[in-house]
């Protein structure tokens, strides 16, 4: 089973959503109260995915709103430097700020985030700032679920999805659920369902699919039974260290394993997974291989300090796959 | 072309949206500044449609939130008295008020409305108050566009549409566009498009379809070309005194004429049209006849003082059709 | 004890605050659910006082914001017609509505009000719309407590009081407490205290003074002990049918009795009291007489249907006083 | 001229307002876009003053609301460690965040701050959380102007000032104007005037007094002429490197000079000035000496990296005064 991408599209992937600042604890393995220094990185799930994809060689664009301040300018400069097209990143004129994420790393298993998401610029992306001209140039529109949490960003995303479908652009929906930005899980479920039904590929953890379904302890079978009644052709459900499953509408099921690694923190795992998985699919690889790319990329990023700057190259990914697969085959 | 309704459904129609108060000028044919007395009626497009349908003999229910005050209780009492099931009309506990519409009738051609729609109870209908048990009991879910204007009513309607489709309930979408409740026409367009694509029947004026398409001077041909790619099977576009067109997905086009009448005011025309059109369809009449029912009902309501209390009986509608058709045939 | 007013001032009194619409039940002595017709009057405490004062012959002005709609225009026309200067009544350009009060008269003892006060125009009076030029022209600035309930009206009133004191204009503070517009009684207490400490005359019911002090069952003695440490020279505390007390800083205490009358409803009693009391003081009458004027005016208004249109003339007040005092003396 | 403080008061000073986080550029003398690391300190003007005062040996308390997160806990721990009583620092339960200030130091002359002040916990201090029991224990209540910018913090401060006056606690008002938190300069002017009129000592820059008066290029003479009509007994107006003036109601004028120093950044100058000036006054020093203490403390803090941690000891202040005065006398 392979996805068809428009071979003439100028961009491999255009992501829509938030580009923010991560402030990562310099002194870690302790509570944040005891961390006195923070290092600044670009962050935010779709920005990380775009940066990761660009570093892997995909031609990538980004639709997102930036604060009119030093953090906003840093983000735009950084993304442009790693090759992301930033022509569709308008500047907010109403004093909204850049979203922040202070990361606390108590131990590799105990990571948490202190978020600043009130009135942030990215949630003020206006649907009038989403251009059909731009979206039609992409093979893939990557939608991040958090961008659906508030108006007018919510409507900007709904418009982008509408335009993508109208122009035969493949819609990838990364669920990226962050509870604190939503009114209620029921509200999340309503918008996640609306977008998932219109998407070609849906990617998330099992917990995130439970949010989409507004239930607990859902089964992958029920999930795919419902979603395959609509647009989705491929559904990827991640189960943490137990690996992930990719379900094709054609009935095939693919199992991907997680590559174990020395974990510094868990942040960035999903974003690095998505960018490498997408890279593989767009380059015509089969789904088994794409799952390995995703897992390898995630394994590399969780061993490093940042989510964006740590994004690996193709060579690093392939090397890790080669090493690990050799180990497995020798067993 | 005929629509199929679930013959076992308990309710012919369940409407969702606002039930409000109309305060109609007792002294009219003058500016409202000179009107000193106002008469109170139940109002709001979906409430009027439910009341009209109930008076025509349909088994009707209503999903909508009411203020915890005298106006809210009046609405519930009135709707129950005319036969509407009010079991799904929860009471707001947060101090929100009943929406008001003061009507100004300067002349039959110059009617306007002074609306009180800030923080009104109906827009606080919560998606958790929309029951799948209830919706699955209906042949038709009637959605009023204004209920999409604000959260959480917006999400309540999106959920209701999702549940209707899941349970094979026919979705009728009355566009019912009221500019003052929306952030922008672009926002309206995004949600109208989302719901129209999922509906079975879409009804509105030509102007309202232009809002749906976020354009000016659109053509019926372009409208139906686009919407028939999705769920709609029947699209009714009203052109005022020039009559209306019903387009079937099967390719048939039906033309309905407006019955001229002594007009007191223009309010309530669309709601009475919708209730009688729906009545005819649910009773298995053909679309030509349904269009006549709609026009006759509208002609009766615009000649009277209210929108809800003026809703006609089947006998009155049939009598008016008979009279007018006789006249036409004698010409 | 007499208050000194600037004899050269152009206006006897300028009131600041809300001018709204009352919708009074035409069919009364029943719950509002059963009232089908409402009659429209100008309402709102400071507007009523200004109208009452103007009808008594005082030269009166008003500072207040009006909605840009038929209700706003009706208010301005009506107030201008009864002689109130409306040059300082700016029109709101942001779509805010006129405040409404539907009155329910179940019986003379059971009256209630259904208020529409969300986002009303009067609370959007901006401090930049309060003119020192205008305020300095008045003998008295009459402040209504409700105008302190929300920003920016709150700041407009604080500025007006500051300007009045700076220009030796006497500040009359009518407490006019309406719980539904305030965040908490503690918040009310803070602003009432701030303004009362700067006022020359404070008028309210015993209950309203309890709100000012954020306590229950306060005593008049404690109230005047505290307030006389600051600017107030005269404090009027009303005890309903038991009459009212006026306390002068000089130590004098005046007792006013309520004139019993055939009561239709209780609305408007305080406003008519304030306008006649103020009329008497400005015309150099002693406090005993002023208390009689207040009581007589209140007795007349509670026997009629409206609060504004029912405001009496001097002749009517004096006639009622004469009749009642004759009765008392004959006893 | 000397101020009288209650000798039996348990606390020398209680400050009310914000306690926040400063994130100071580790790599400085460059635009913030190029700063990659930030060091965390407690910040916020009244918190800095309280910390400074405590380090000078004053018994100090703080009234302020903290976020329920790692930053909030860090602030409370830090303040308690330097000796500030934190018993009146309630924890916010509604998800509000700690205010942040990212500092940019392009050069000693070009410093700016990127503020996160949307929905911050400190502005949610509720008047119900201000205790009369606590305030009456202080010699001085120090009010920071920024705490007046939004409700309910605004009302909490107004209540605190009311309670201080009622209990003969001296009110020090540090204007601390931050434009971004206010609706308009007119609004600031209204509240600054209200509090300044009730204060015993008012401290600010000439620019801040212009804000209080809602004018440009005001004169010290006009300022003191107006304010001395009310409660203030001492007014300190700072003119940057030209030094500062202290005006006593008794008519005396004191001139303080600025001590020049090697400046790293300008942040924290006002806060360190205020804490040392207050220390001197409370310890019975004359105003000339208090002005020297203020200047010396400011000179020390602007030469260091933080505003709070850099607060000097009495010994450091006295040493700097001694050195500089020796130099001046030798000239």
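Values quoted throughout were computed directly from the atomic coordinates according to the rules given, and no laboratory measurement underlies them. Computed from a predicted structure; not experimentally measured. Glycine gets a Cβ as well: all are built from the backbone with ideal geometry, and neighbour counts include every protein chain shown.
Site pair residue A:27 and residue C:239 shows an inter-label distance of 6.8 nm when each label is modelled 7 Å from Cα along Cα→Cβ.
Computed on the Cα atoms alone, the convex hull of chain A gives a volume of 129 cubic angstrom per residue. Taking R0 as 25 Å, what's the FRET efficiency between residue B:10 and residue B:165 from their Cβ-Cβ distance, rounded to 0.05? The pair residue B:10/residue B:165 has a calculated efficiency of 0.85. Counting neighbouring beta carbons within 10 Å and listing from fewest to most, the residues C:58, C:3, B:66, D:260 come out as D:260, C:3, C:58, B:66. Its relative contact order, with pairs defined as Cα atoms under 8 Å and 6+ residues apart, puts region B:164-226 at 36 percent. For the protein assembly as shown, the convex hull spanned by the alpha carbon atoms encloses 192 Å³ per residue.
For the Cα trace of region D:66-214, dividing Rg by the Kirkwood Rh returns an Rg/Rh value of 0.97. Projecting label points 7 angstrom from Cα along Cα→Cβ for residue A:231 and residue A:257 puts them 3.6 nm apart. A Förster radius of 41 Å, combined with the Cβ-Cβ distance separating residue B:329 from residue C:37, puts the computed FRET efficiency at roughly 0.40. Inter-label distance, residue A:91 to residue C:313: 6.9 nm, where each label sits 7 Å from its Cα along the C-beta direction.
With a 10 Å cut-off around each Cβ of A:161-168, the average count of Cβ atoms from other chains is 1.
Here the Kirkwood formula puts the hydrodynamic radius of region C:140-205 at 11.7 Å, using every distinct Cα pair. Dimensions of region C:273-323 based on its C-alpha atoms, expressed as ranges along the principal axes with the largest first, amount to 31, 22, 14 Å.
The antiparallel fraction among DSSP beta bridges confined to chain C stands at about 40%. Rounded, prolate or oblate: which fits region C:1-151 when a ≥ b ≥ c are the square roots of the eigenvalues of the alpha-carbon gyration tensor, with rounded for a/c under 1.5 and prolate only if a/b beats b/c? Prolate is the answer for region C:1-151, as a/c is 1.5 or above and a/b outweighs b/c.
Classify region C:67-110 as rounded, prolate or oblate, taking a ≥ b ≥ c as the square roots of the eigenvalues of its Cα gyration tensor: rounded when a/c is under 1.5, otherwise prolate if a/b is larger than b/c and oblate if not. Oblate is the answer for region C:67-110, as a/c is 1.5 or above yet b/c matches or exceeds a/b. Annotation: the antiparallel percentage among DSSP beta bridges lying fully within region B:65-173 is about 55. For chain C, adding -39500 (n - 2.57) for each run of n ≥ 4 DSSP H residues and dividing by the number of residues yields -11000 deg cm²/dmol at 222 nm.
A viscosity of 1.567 mPa s and a temperature of 4 °C, combined with the Kirkwood radius over Cα pairs in Stokes-Einstein, give a translational diffusion coefficient for region B:176-253 of 103 µm²/s. Structural descriptor for region A:1-66: relative contact order 42 percent, calculated from alpha carbon pairs under 8 angstrom and at least 6 residues apart. Using C-alpha pairs under 8 Å with a sequence gap of at least 6, the mean separation divided by the residue count of region D:54-95 gives a relative contact order of 53 percent. Label-point spacing for residue C:31 across the identical copies (point 7 Å from Cα in the Cβ direction), in nm and ascending order: 4.0, 5.6, 6.8. Sorted from greatest to least, the principal axis extents spanned by the alpha carbons of region A:1-66 come out as 52, 30, 18 Å. Secondary structure note: in region B:1-129, about 50% of the DSSP beta bridges are antiparallel.
Fraction of C-alpha pairs exceeding 22 angstrom in region C:146-298: 40 percent, rounded to a whole number.
With R₀ set to 35 Å, the beta-carbon distance separating residue C:128 from residue B:112 gives a calculated FRET efficiency near 0.65. When only alpha carbons are used to place a centre, region A:114-150 and region A:158-193 end up 10 Å from one another. Across the identical copies, the 7 Å label point of residue C:263, projected outward along Cα→Cβ, sits 5.0, 7.0, 7.3 nm from its counterparts, in ascending order.
Taken as Cα centroids, region B:218-242 and region B:42-112 sit 28 Å apart, rounded to the nearest whole angstrom. Considering only chain B, the C-beta nearest to the rotation axis that sends B to D is found at B:94, 8, the distance in whole Å.
Distances between equivalent label points of residue D:112 across the copies, with each point positioned 7 Å along Cα→Cβ, amount to 3.5, 4.6, 5.6 nm, shortest listed first.
The ranking of D:155, A:252 by Cβ neighbour count inside 10 Å, starting from the fewest, reads A:252, D:155.
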